[in-house]
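Asks: Following this message is one structure expressed as structure tokens.
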Amino acid sequence: MWLLLAAIAGFVVPNGLFLYWLRYEYRGLGPVLHDHLALAFILDAFGALILLCVYFARRPIGAVRWRWFLLLSLAGGLCFGLPLYYWLNRRRSPDGA
């Protein structure tokens, strides 16, 4: 159950901040591309996403494949995709661990 709560919090909090920024503070792509800290964070997150996708493709943790992890992470970020992907795989496992 705690994985679902972590996934919900990971979806609501970061995406809520993103939607607020998009609605009230977005001034185009120019300022975003000039913000080196933001670009470094984006590259780091995509790098981690790629590494985790490769890992889950080579060593599946359950019946739900890595493509779902990629889709969930692109839709809601790593803080949403990782706990939900893990929960989906654990609930389908025979031991339920």
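Rule-based calculations on the coordinates, nothing more; no lab input. Remember, it's a predicted structure, so these values are computed and weren't measured experimentally. Cβ placement follows ideal geometry from the backbone for every residue including glycine, while neighbour counts extend to all protein chains displayed.
Asks: Can you list, largest first and rounded to whole Å, the semi-axes you get for the chain by taking the square root of 5 times each eigenvalue of its Cα gyration tensor?
Replies: Sorted largest first and rounded, they come to 30, 16, 8 Å.
Asks: Per DSSP H run of at least 4 residues, take -39500 (n - 2.57); add these up for the chain, divide by its residues and hand me the 222 nm value, nearest 500 deg cm²/dmol. Show your work: numbers first, answer last.
Replies: Numbers: 5 runs with 78 residues, N = 97.
Helix contribution divided over all residues of the chain: -26500 deg cm²/dmol.
Asks: What residue among VAL12, VAL54, VAL32 has the largest mean-square fluctuation in a Gaussian network model of the chain, using Cα springs under 10 Å?
Replies: Judging by the Gaussian network model, the answer is VAL32.
Asks: If you don't mind, there's one more thing I want to ask. Set Lys and Arg Cβ to +1 and Asp and Glu Cβ to -1, take the dipole of the chain about its Cα centre, and tell me which of LEU33, SER73, ALA45 lies farthest positive.
Replies: SER73
Asks: Right, next: Return the distance in nm (one decimal) between the two label points of a simple spin-label model at ARG58 and TYR26, each offset 7 Å from Cα along Cα→Cβ.
Replies: Label at ARG58, label at TYR26, 3.7 nm between them.
Asks: For the chain, set up a Gaussian network in which alpha carbons nearer than 10 Å are linked by springs, and say which option among LEU22, LEU49, LEU74 fluctuates the most.
Replies: Fluctuation is largest for LEU22.
Asks: Let me ask another. Using θ = phi - 60° and the Karplus form 6.51 cos²θ - 1.76 cosθ + 1.60, what ³J(HN,Hα) does each residue of the stretch 55-67 get, whole Hz, x for Gly and Pro?
Replies: 4, 5, 5, 7, 10, x, 9, x, 6, 6, 7, 4, 4
Asks: Here's another thing I want to ask about it. Using the Cα centre of the chain as origin and beta-carbon charges of +1 (Lys, Arg) and -1 (Asp, Glu), tell me which of LEU4, PRO14, ASN89 is placed farthest towards the positive end of the dipole.
Replies: Projecting each Cα onto the dipole axis, the largest value belongs to ASN89.
Asks: On to the next question. Using just the alpha carbons, could you tell me how many Å³ per residue the convex hull of the stretch 4-55 encloses?
Replies: Working: hull volume 4.7 nm³, N = 52.
Measuring per residue, one finds 91 Å³ for the Cα hull of the stretch 4-55.
Asks: Please list 3J(HN,Hα) in residue order for the stretch 13-18, calculated via the Karplus relation 6.51 cos²θ - 1.76 cosθ + 1.60 where θ = phi - 60°; whole Hz, with x for glycine and proline.
Replies: Residue by residue, the stretch 13-18 yields 5, x, 6, x, 5, 5 Hz.
Asks: With only Lys, Arg, Asp and Glu charged, each at its Cβ (+1 for the first two, -1 for the last two), find how big the charge dipole of the chain is about the Cα centre; round to the nearest 20 debye. Don't skip to the answer; put the middle values down first.
Replies: Working: 9 positive and 4 negative charges, 92 e Å.
So the magnitude is around 440 debye.
Asks: Using the Karplus curve 6.51 cos²θ - 1.76 cosθ + 1.60 with θ = phi - 60°, what ³J(HN,Hα) values do you get for each residue of the stretch 77-82, in whole Hz, with x for Gly and Pro?
Replies: Coupling constants for the stretch 77-82: x, 5, 5, 9, x, 5 Hz.
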